[in-house]
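Student: Starting off with a structure, shown below.
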Amino acid sequence: MSNMILIVEDEEAIRALIRFNLQAAGYTTCEAEDGLQALERAKTLKPDLILLDWMLPGLDGLGVLRRLHEHADTASIPVLMLTAKSEESDVVLGLEMGASDYVTKPFSNKVLIARIRALLRRGEEEAPEEYLRYAGLTLTPGQRRATLAGKEIPLTCGEFDLLYLLCAHPGHVYTRTQIVSRTKGDDYPVTDRAVDVTIVNLRRKLGTFGERLETVRGVGYRMRALSSLDPAY
Ligand code: CA
């Protein structure tokens, strides 16, 4: 069964090009040319991934993203945003609103396919496990939701992904480069600084629990290995 991708793009020529490339890469495609049509198709067809153009007539990309997340049956579909270079503030907003990743126009077909593959792979890895538990922390990747001893911790996508990676392998040390490539795409610029900032934010948000996020000097970061003293949730 090939994965189905919903292409949301109002420009017919771009849509046709994306369709051609995705089908050549083995994906099944469906299309929408505006926001409302996108929502309707997402609900009825349940695509595995949505390619969402940000500048759409009527309901724009952000509006579509919001509404997708309001419905349980579309909330967990990964969304890859398509934005123009001048819309970089939209990218930040989109990622904060729950988009999984983005590609800037004009994009190369290779990059687009690589991002799609990475997102679908991520989804498959997460699928068998609806949530991950580490000590008193519960992480639900489908909703990018984190709770600590039952209390919700608001996290950005980047923070969630980093925390999820470390909690999935307690005791394992990840280098900053590994963290960047595992939580984003392979072709992102590696910024160690971004990882450090995310760690600082996570520690702050997690309070004393954040002490478990350990710095391994000269190597990277790890989540402290579980011990018999840890709460069994
Ligand atoms: Ca457009």
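Student: Under the condition of being acidic (Asp, Glu) and touching a strand residue (DSSP E or B) at 6+ places or on another chain (Cβ under 9 Å), which residue from the range 86-110 is nearest to the ligand (Cβ to nearest atom)? First the steps, then the outcome.
Tutor: Filtering the range 86-110 down to residues acidic (Asp, Glu) leaves 87-88, 90, 96, 101.
Keeping just the survivors that are touching a strand residue (DSSP E or B) at 6+ places or on another chain (Cβ under 9 Å) gives 87-88, 90, 101.
Values: 87: 10, 88: 16, 90: 12, 101: 18 Å.
The selected residue is 87.
Student: Here's something else I'd like to know. Kindly evaluate residue 141 against the criterion of being in contact with a strand residue (DSSP E or B) (Cβ under 6 Å, 6 or more places away or on another chain) and either surrounded by 15 or more Cβ atoms within 10 Å (Cβ to Cβ) or among the β-branched types (Val, Ile, Thr) (or both).
Tutor: Against the criterion (in contact with a strand residue (DSSP E or B) (Cβ under 6 Å, 6 or more places away or on another chain) and either surrounded by 15 or more Cβ atoms within 10 Å (Cβ to Cβ) or among the β-branched types (Val, Ile, Thr) (or both)), residue 141 does not qualify.
Student: Using beta carbons and a limit of 6 Å, which pairs, at least six apart or on different chains, have the first residue in the range 36-60 and touching a residue at least 60 places away in the same chain (Cβ under 8 Å) and the second one within 13 Å of the ligand (Cβ to nearest atom)?
Tutor: From the range 36-60, the pairs are 51/7.
Student: A follow-up question, please. Specify the residue that is modelled with the highest pLDDT; the eligible residues are those in the range 151-184 that are assigned to a loop (DSSP other than H, G, I, E, B) and surrounded by 17 or more Cβ atoms within 10 Å (Cβ to Cβ).
Tutor: By that ranking, first place goes to 155.
Student: So residue 83 fits all but one of (1) out of contact with any Ser or Thr (no Cβ under 9 Å at 6 or more places or on another chain); (2) within 13 Å of the ligand (Cβ to nearest atom); (3) outside any helix (DSSP H, G or I); what number is the exception?
Tutor: In the conditions (1) out of contact with any Ser or Thr (no Cβ under 9 Å at 6 or more places or on another chain); (2) within 13 Å of the ligand (Cβ to nearest atom); (3) outside any helix (DSSP H, G or I), residue 83 misses (1) alone.
Student: Confirm whether residue 156 is of a type in the set (S, T, N, Q) and under 20 Å from residue 192 (Cα atoms).
Tutor: Details: of a type in the set (S, T, N, Q): yes; under 20 Å from residue 192 (Cα atoms): yes.
Considered against the rule, which asks whether it is of a type in the set (S, T, N, Q) and under 20 Å from residue 192 (Cα atoms), residue 156 comes out as yes.
Student: Quick one: residue 51 ticks every box in (1) within 22 Å of residue 95 (Cα to Cα); (2) more than 16 Å from the ligand (Cβ to nearest atom) except a single one, so which number is it?
Tutor: With (1) within 22 Å of residue 95 (Cα to Cα); (2) more than 16 Å from the ligand (Cβ to nearest atom) applied to residue 51, the lone miss is (2).
Student: Take the residues in the range 1-42 that are in a strand (DSSP E or B) and within 21 Å of the chain's Cα centre (by Cα), then tell me which one is nearest to the ligand (Cβ to nearest atom).
Tutor: Only one residue fits best here, namely 8.
The values are calculated or read from the model by the stated rules, or taken from the named source; none is laboratory data. Just so we're clear, the structure is a prediction, and the values are computed from it rather than from any experiment. A quick note on method: Cβ atoms are made from the backbone with ideal geometry, for glycine too, and the neighbour counts reach across all protein chains shown.
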